[in-house]
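One structure below.
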Ligand code: TRP
């Protein structure tokens with residue numbers, strides 16, 4: 001019940017924010033990020049990546065955190081972190097995040113950001129941390145036998161991700177709302193206790209279209225059912241050919257009644273900028289085979305330029321390292337400034 005009320009308030013606030021962004025984009029500093037656990041896929045693209053690029057084109061400042069410490073919340077070892085971090089940078093640049101204007105950086109390279117976690121942890125109670133519904137859900141699905149301290153406290157760490165640079169806007173999906181609420185609580189309590197310093201950031205909720213994986217379950221890097229941005233045209237065709245559909249020959253767009261077919265129709269619609277009902281109508285009684293051909297062509301045509309850019313960038317690892325080095329330098333400068341102000345506010349400047 002409360003979650004629903006909070007969500008609808010956040011939706012209303014997001015509409016107001018969209019208007020403000022349009023009028024005064026320079027007033028906004030946006031912080032978003034991902035855990036480096038594998039290549040990004042179409043669900044990420046239509047869920048968050050294209051929104052980041054949209055915001056950047058409107059003229060807001062963009063910071064993108066690659067949350068490498070957060071990988072360790074639900075597993076003992078973070079495998080191939082260097083590869084995953086590089087893949088994220090490649091995906092970001094390939095979709096159009098502009099490295100001249102955006103700051104792309106990693107948790108582990110910004111010591112002052114991580115230090116903020118200590119005062120922040122003093123501002124939240126253990127019961128607040130244990131009530132977080134997203135963390136509860138992640139604990140339920142964790143691969144670990146025991147819950148680590150990092151899993152339990154990562155929302156406070158995420159507050160540091162956002163507040164270290166005084167970001168005032170965080171585009172997120174619903175599952176991240178509890179974390180943003182905690183960030184606001186931490187900022188408010190810090191300001192009450194030590195003097196006004198940290199802005200209370202707003203969540204920007206954007207409608208994420210529901211794209212299912214090719215097996216009909218949630219599209220996920222780890223389930224082998226996701227069309228990654230970096231897949232080849234052949235891999236994409238193979239994955240879509242094997243996608244789950246249903247036994248009705250006539251193709252329609254009915255997300256409730258026919259979720260797998262609807263998701264495929266939606267995929268083609270998003271990639272071609274058409275209405276899903278119209279896409280379904282065009283296929284009509286062509287059946288699953290025609291649907292899959294349409295989806296494959298739509299996805300491959302849509303991703304082709306992105307994949308070309310990605311391949312060109314991948315051939316220049318020195319350039320990619322440079323982007324990350326510059327991003328980390330800038331994030332460090334911002335974090336040092338904020339930590340300095342925090343030291344002054346807390347009386348720990350000796
Ligand atoms: N928790 C986010 C996710 O799993 C990733 C993330 C880390 C993040 N730090 C952030 C998102 C700060 C927004 C702001 O997707």
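The values are calculated or read from the model by the stated rules, or taken from the named source; none is laboratory data. Keep in mind the model is a prediction, meaning the values are calculated, not measured. Note that each Cβ is placed from the backbone with ideal geometry, even for glycine, and that neighbours are counted across all protein chains shown.
The set of residues in segment 186-197 being away from the ligand (no atom under 15 Å from the Cβ) and buried (at least 18 other Cβ atoms within 10 Å of the Cβ) consists of 190 alone.
What tally of residues in segment 185-202 results from selecting those that are under 19 Å from the mean Cα position of the chain (by Cα) and free of Cβ contacts under 8 Å to residues at least 40 places away in the same chain? Give the derivation first.
Of the residues in segment 185-202, the ones under 19 Å from the mean Cα position of the chain (by Cα) are 201-202.
Right, trim to free of Cβ contacts under 8 Å to residues at least 40 places away in the same chain and you get none.
Qualifying residue count, segment 185-202: 0.
Please find, within segment 22-41, the residue that is farthest from the ligand (Cβ to nearest atom) out of those that are more than 19 Å from residue 89 (Cβ to Cβ) and in contact (Cβ under 8 Å) with a residue 60 or more places away in the chain. If you could, list the steps in order and put the result at the bottom.
So the first thing to find is which residues in segment 22-41 are more than 19 Å from residue 89 (Cβ to Cβ), and the list is 22-29.
Narrowing the set further to residues that are in contact (Cβ under 8 Å) with a residue 60 or more places away in the chain leaves 27-29.
Numbers: 27: 19, 28: 14, 29: 12 Å.
Step by step, filter segment 22-41, then rank; the result is 27.
Counting residues in segment 52-59 that are outside any helix (DSSP H, G or I), in the same structural domain as residue 329 (by TED's automatic domain parsing) and either within 21 Å of residue 325 (Cα to Cα) or touching a residue at least 40 places away in the same chain (Cβ under 8 Å) (or both) gives zero. Each residue in segment 116-172 was checked for being surrounded by fewer than 19 Cβ atoms within 10 Å (Cβ to Cβ), more than 15 Å from the ligand (Cβ to nearest atom) and touching a residue at least 40 places away in the same chain (Cβ under 8 Å), and 5 of them qualify. Checked against (1) under 24 Å from residue 98 (Cα atoms); (2) without any contact (Cβ under 8 Å) to a residue 12 or more places away in the chain; (3) within 22 Å of the chain's Cα centre (by Cα), residue 224 meets all criteria but (1). The condition (being more than 13 Å from the chain's Cα centre (by Cα), closer than 25 Å to residue 6 by Cα and crowded, with 18+ Cβ neighbours inside 10 Å) is satisfied by just one residue among 211, 205, 177: 211. Among the criteria (1) surrounded by fewer than 21 Cβ atoms within 10 Å (Cβ to Cβ); (2) more than 16 Å from the ligand (Cβ to nearest atom); (3) not in a loop (DSSP other than H, G, I, E, B), the one residue 94 does not fulfil is (1). Counting only helices (runs of 4 or more DSSP H) that fall entirely inside segment 240-317 and contain at least 1 residues that are within 21 Å of residue 224 (Cα to Cα) and more than 24 Å from the chain's Cα centre (by Cα), the qualifying elements are 259-272, 287-314.
Looking only at segment 125-141, decide whether some residue is in the same structural domain as residue 34 (by TED's automatic domain parsing), in a loop (DSSP other than H, G, I, E, B) and over 30 Å from residue 337 (Cβ atoms). Break it down stepwise before answering.
Filtering segment 125-141 for residues in the same structural domain as residue 34 (by TED's automatic domain parsing) gives 125-141.
The next check asks that each one be in a loop (DSSP other than H, G, I, E, B); those that pass are 125, 132, 141.
Next cut, over 30 Å from residue 337 (Cβ atoms) only: 141.
There is at least one residue in segment 125-141 that is in the same structural domain as residue 34 (by TED's automatic domain parsing), in a loop (DSSP other than H, G, I, E, B) and over 30 Å from residue 337 (Cβ atoms).
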